[in-house]
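Single-structure report; data block below.
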Amino acid sequence: MHRLAYERLREWKDSPDRLPLIVKGVRHCGKTHLIETFGNDNYRNVAVFNFEDRPELCALFQGSIDPLRLIPLLSIQGCVEINPDSTLLFFDEIQACPRALTSLKYFAEKAPEYHVICACSSILSPGSTKKNISSNDVPSQSFPVGKVQYLNLYPMDFEEFLLASGDVRMRDCLRDMDVHEQIPEFMVPTLIDRLREYQVVGGMPEAVGTWVKTHSLPAVRRVQDRILSTYADDLQKHPVDAKGTLERVWESVTEQLLRDNSRFVFGQSVEGARAADLETSVQWLKDAGLVHMTRMVEKPAIPLSMNTTRFYKLYMCDLGLLTYKSGVPADFVNSQPGDYKEFKGVMAENLVLLELKAHLDTESYYWRSDAKAEVDFIVPILYEPVPIEVKAGSARSSKSLKSYRGRYEPRVSVKVSMDPEAVIGSVTHVPLYMVWRLGDYVRAGLESTGWQDPDKVFEERSSKTRMYGA
């Protein structure tokens, strides 16, 4: 199955400024398979060292971590020749060996000619300021700050699901189509069917592969059950001070999504708990990629991160896992508009958030007024705080977005729904099955208002200054 991140890896390989690369992502999202496929396609040898499967490998990093010492030892240990130009050095699950992480600094400084990729299932951070946020934190002085590059990998998004389903020509047509054009009517039923399948199967590569091969929902459910069991095992490995709460917070994420809360309520996770008691658990789930957080903003001003409140929502890392974990029958996607209304709304929101992560790789926020008007997402796109309202059905009613627009007058607002017509303008409409091109729709909407790209404006002004003098 083709992953769009493959092209990012090729760009990394060919870059003259290449640094060791860390590929981050939740367990089972396909990191190892992607890296090994890329390595086998582009290198003569792939030297794989998995620190979780083979903890004894960490002993190699106990002494000097100078690459000139490490490379011969790794070559012997892995029974593979490691050459600068023809070998991909792959450290899998590197979070299990902090000294291996530290060695990346020296690969960058002393042996930049070697191609080094690492995969980790949690966000590695230098010297956390909060106690036991992650058992994988390393001292600040040991973290290779500025000496590594990062690539976030998420479960397969809807575009990749289309490719895996064999709809390659349709996807290519949709990818190359001008956003001002309407989607050909004959494509819409297929897109709706694939979207319904994606909401049930999700984007975990093993689940997608099972669905494509068998079209058996029980087989897909067995895969999803196995993945959730792996996550449950990971929760048991968390530091002792959070044990007993982490599992309950994880279970509560789905429950609170189904209640459509305006924020994550700690008291609904563990009775009588305070935010301070459970922040560690929430942070661990976020760091592990199991949940995504959207923070509430008081006002939509760039940078949005400076205008957040203490409230936030949590979303699941994968739609298929959300459906299975919720215990909702798969046929909810074919039910009448009024059936499973709340769950359909949650699924639509979660889907949009995952598409934003996969294609824009940015933090998302939301806004709520005192009068309870709520805009699902506020996302920084092209330096603009873009409000996005999501509907599982038709977008005829948009009171919250209207309230937001009246108060803040954004250049562009976005409505996402199942309505098939794309509209470009100050209020841009994007069909739910085309959110993977949302960035293109937003740019077109901005341009329709006379907006100019601030980066290009800066370059042009700088060029004139150099030409004529200050």
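The values are calculated or read from the model by the stated rules, or taken from the named source; none is laboratory data. Bear in mind that the values here come from a model prediction, so they are computed numbers and not experimental data. Methodologically, a virtual Cβ is constructed for each residue, glycine included, from the backbone with ideal geometry; neighbour enumeration extends over all protein chains shown. Please note that ligands, DNA and RNA were not included when accessible areas were found on the heavy atoms of the full protein model with its side chains. Shrake-Rupley method; radii C 1.70, N 1.55, O 1.52, S 1.80 Å.
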Test for Phe186: is it in contact with a Phe, Trp or Tyr (Cβ under 9 Å, 6 or more places away or on another chain) and either at pLDDT 95 or above or not in a helix (DSSP H, G or I) (or both): no
Close pairs (6 angstrom Cβ cut-off, 6 or more residues apart or separate chains): part of a helix (DSSP H, G or I) and among the charged types (D, E, K, R) in the range 277-299, modelled with pLDDT under 90 and surrounded by 19 or more Cβ atoms within 10 Å (Cβ to Cβ) anywhere: Asp287/Ser122; Asp287/Ile123; Asp287/Ser134
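Among the residues of the range 296-303, is any touching an Asp or Glu at 6+ places or on another chain (Cβ under 6 Å) and surrounded by fewer than 20 Cβ atoms within 10 Å (Cβ to Cβ)? First the steps, then the outcome.
Here is the first cut: in the range 296-303, the residues touching an Asp or Glu at 6+ places or on another chain (Cβ under 6 Å) are none.
The answer is no; no qualifying residue exists.
With respect to Gly146, is the statement that it is open to solvent by 20 Å² or more (accessible area, probe 1.4 Å), at pLDDT 95 or above, part of a loop (DSSP other than H, G, I, E, B) and small (Gly, Ala, Ser) true? Explain how you work it out, then say what you get.
Working: open to solvent by 20 Å² or more (accessible area, probe 1.4 Å): yes; at pLDDT 95 or above: no; part of a loop (DSSP other than H, G, I, E, B): yes; small (Gly, Ala, Ser): yes.
No: the conditions fail for Gly146.
Would you check if there is a residue in the range 80-90 being out of contact with any His (no Cβ under 6 Å at 6 or more places or on another chain) and farther than 17 Å from Pro20 by Cα? Explain how you work it out, then say what you get.
Filtering the range 80-90 down to residues out of contact with any His (no Cβ under 6 Å at 6 or more places or on another chain) leaves 80-87, 89-90.
After this cut, where a residue has to be farther than 17 Å from Pro20 by Cα as well, the list is 80-81.
So far as the range 80-90 goes, yes, one or more of its residues are out of contact with any His (no Cβ under 6 Å at 6 or more places or on another chain) and farther than 17 Å from Pro20 by Cα.
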Residue in the range 316-327 that is modelled with pLDDT of 90 or more, more than 24 Å from Arg368 (Cβ to Cβ), among the β-branched types (Val, Ile, Thr) and open to solvent by less than 20 Å² (accessible area, probe 1.4 Å) present: yes
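Go through the range 216-236 and count every residue that is among the aliphatic types (A, V, I, L, M) and within 12 Å of Tyr324 (Cβ to Cβ).
5
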Wholly within the range 375-470, helices (runs of 4 or more DSSP H) carrying at least 1 residues that are more than 24 Å from Ala301 (Cα to Cα) and open to solvent by less than 70 Å² (accessible area, probe 1.4 Å): 454-468
Residues located in the range 347-374, provided they are open to solvent by 10 Å² or more (accessible area, probe 1.4 Å) and either aromatic (Phe, Trp, Tyr) or under 21 Å from Phe161 (Cβ atoms) (or both): Glu349, Leu354, Lys357, Ala358, His359, Leu360, Asp361, Tyr365
Residue in the range 214-225 that is modelled with pLDDT of 95 or more, among the small types (Gly, Ala, Ser), surrounded by fewer than 16 Cβ atoms within 10 Å (Cβ to Cβ) and more than 30 Å from Glu279 (Cα to Cα) present: yes
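Out of contact with any Cys (no Cβ under 9 Å at 6 or more places or on another chain), surrounded by 15 or more Cβ atoms within 10 Å (Cβ to Cβ), among the hydrophobic types (A, V, I, L, M, F, W, C) and modelled with pLDDT of 95 or more: which single residue out of Leu235, Leu195, Leu257 fits that description?
On the way: Leu235 fails: modelled with pLDDT of 95 or more; Leu257 fails: modelled with pLDDT of 95 or more.
Among Leu235, Leu195, Leu257, only Leu195 is out of contact with any Cys (no Cβ under 9 Å at 6 or more places or on another chain), surrounded by 15 or more Cβ atoms within 10 Å (Cβ to Cβ), among the hydrophobic types (A, V, I, L, M, F, W, C) and modelled with pLDDT of 95 or more.
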